[in-house]
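Working notes, beginning with the structure itself.
The values are calculated or read from the model by the stated rules, or taken from the named source; none is laboratory data. Model, not experiment: these values are computed from the prediction. Neighbour counts run over all protein chains shown; Cβ positions are idealised from the backbone, glycine included. Accessible surface areas use protein heavy atoms only, side chains included; no ligands, DNA or RNA. Shrake-Rupley method; radii C 1.70, N 1.55, O 1.52, S 1.80 Å.
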Amino acid sequence: MSYDEILADLKAKLTDDIQGNDRFLRQEAERFARLGNMDGVKAVGELLVENMPEEEIEEIKRITHLDGVSLDTVHKQIVEMINKHNVVEAKPLAERLYKKITVEFKETDKAKFVSTRNPFEDNLLQILFKQDKTLNRSPFDLAVYLTTYAYILTETGSPYDAIPVLRRAIEFNPVDCAPMFELAEVYKLLGNRKRLLEITRDTINVASSPVALARCYANMGYMLTDSGDFDDASGFYQASTMMYPHKMIPYEMSHLAQLKGSPLRQYTNEEITKIFAKYDMKFGFNPEVVRVASELAAYYLGERNIPNALNALKMTYNMTRDENIKNIILKYEPDAEKHPLVPDDNNN
């Protein structure tokens, strides 16, 4: 069903009972969220607002707007300025957005806001990061908004100030690799190898695409090159190309060979495994991440929710390269082989 069809269907089921309508709509919101139906969630949200007293509507607007402008629109304005190379001009607005978020979406003793963006992230968050508080899903991608501000801080000469902002972004969505990668870039800039190693381990734990995992391994290669551990750096760069062949890695390896003063040799899988073990790492994806994606695929197939099933199947295939999963994908999407099965990034 389209957004308009869902909205019409929901409206037809409403009655004159305001409280009853509220309960019904909240139940439907939960159902649509489980199904990953964002049109359904949006339609319910619109009707919930219509069903609210005027003072509650005004309070929601106060929380979700800055100077009368929706927070997502404010962020778009900031990104537009960055794209036009007006980073300095974007900073004051980005700072105001940051302060608005930290005030209106702050954690309490009993609840916290999260900005997970889809059912996969919802499930992965609750499995990898056990919560003893009620999780309220934000209507905005707060982790992205704060990551943008941190990028501006770094670009305008304040990388140290970017660190707590990025830590806050990760709290809003600890299964989104984007703020973690941005934090890794800050630690590279500051030459803090200890923190770079820590955030890379954290990122590997939640990575759900070959591109993301390859970038983690490349960051290890960068760090070890910087510290003079050339052989281990070579192992991580080779692991990066095994996971995903990024066009820049051959240049990094050429630079490494120059620093080492001799050609790099090809490591065996066993040797790469030993190199990883030195840094308390294992090559490949966290099995829990793979499990969440595969179980989500099975659930959506059972519900005959094919679009969401395909998303989860493609994610699972990219992490496993299981031909049986590939065949299921092709059953429902015969043209899938003509295109990348999943997006090139991990920002899920």
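Output the residues belonging to the stretch 8-40 that are farther than 17 Å from MET52 by Cα and either among the aliphatic types (A, V, I, L, M) or part of a helix (DSSP H, G or I) (or both).
ALA8, ASP9, ALA12, GLU30, ARG31, PHE32, ALA33, ARG34, LEU35, MET38, ASP39, GLY40
Might you check whether a residue that is under 11 Å from the mean Cα position of the chain (by Cα) and assigned to a helix (DSSP H, G or I) occurs anywhere in the stretch 156-166?
The answer is no; no qualifying residue exists.
Report whether or not PHE283 is within 30 Å of PHE120 (Cα to Cα), buried (at least 19 other Cβ atoms within 10 Å of the Cβ) and aromatic (Phe, Trp, Tyr).
Answer is no for this residue.
For every residue, the table says whether it meets (1) in a helix (DSSP H, G or I); (2) not hydrophobic (A, V, I, L, M, F, W, C).
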residue: LEU259; (1), (2): yes, no
residue: SER262; (1), (2): no, yes
residue: VAL290; (1), (2): yes, no
residue: GLU295; (1), (2): yes, yes
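Of everything in the stretch 69-90, what is touching a residue at least 24 places away in the same chain (Cβ under 8 Å) and open to solvent by 60 Å² or more (accessible area, probe 1.4 Å)? Give them in sequence order.
Selection gives VAL88 alone.
From the set of residues in the stretch 117-135 that are under 17 Å from the mean Cα position of the chain (by Cα) and of a type in the set (S, T, N, Q), which is least open to solvent (accessible area, probe 1.4 Å)?
Filtering first and then ranking leaves ASN118.
Hey, among TYR299, TYR332, which residue is under 21 Å from LEU124 (Cα atoms), of a type in the set (Ser, Thr, Tyr) and either surrounded by fewer than 17 Cβ atoms within 10 Å (Cβ to Cβ) or at pLDDT below 95 (or both)?
Residue meeting the stated conditions: TYR299.
Please determine, by comparing only the residues of the stretch 136-165 that are among the acidic types (Asp, Glu) and in contact (Cβ under 8 Å) with a residue 24 or more places away in the chain, which one is most open to solvent (accessible area, probe 1.4 Å).
Among them, the one singled out is GLU155.
Of all residues in the stretch 2-45, which are charged (D, E, K, R), surrounded by fewer than 18 Cβ atoms within 10 Å (Cβ to Cβ) and modelled with pLDDT of 85 or more?
Residues satisfying the conditions are ASP4, GLU5, ASP9, LYS11, LYS13, ARG23.
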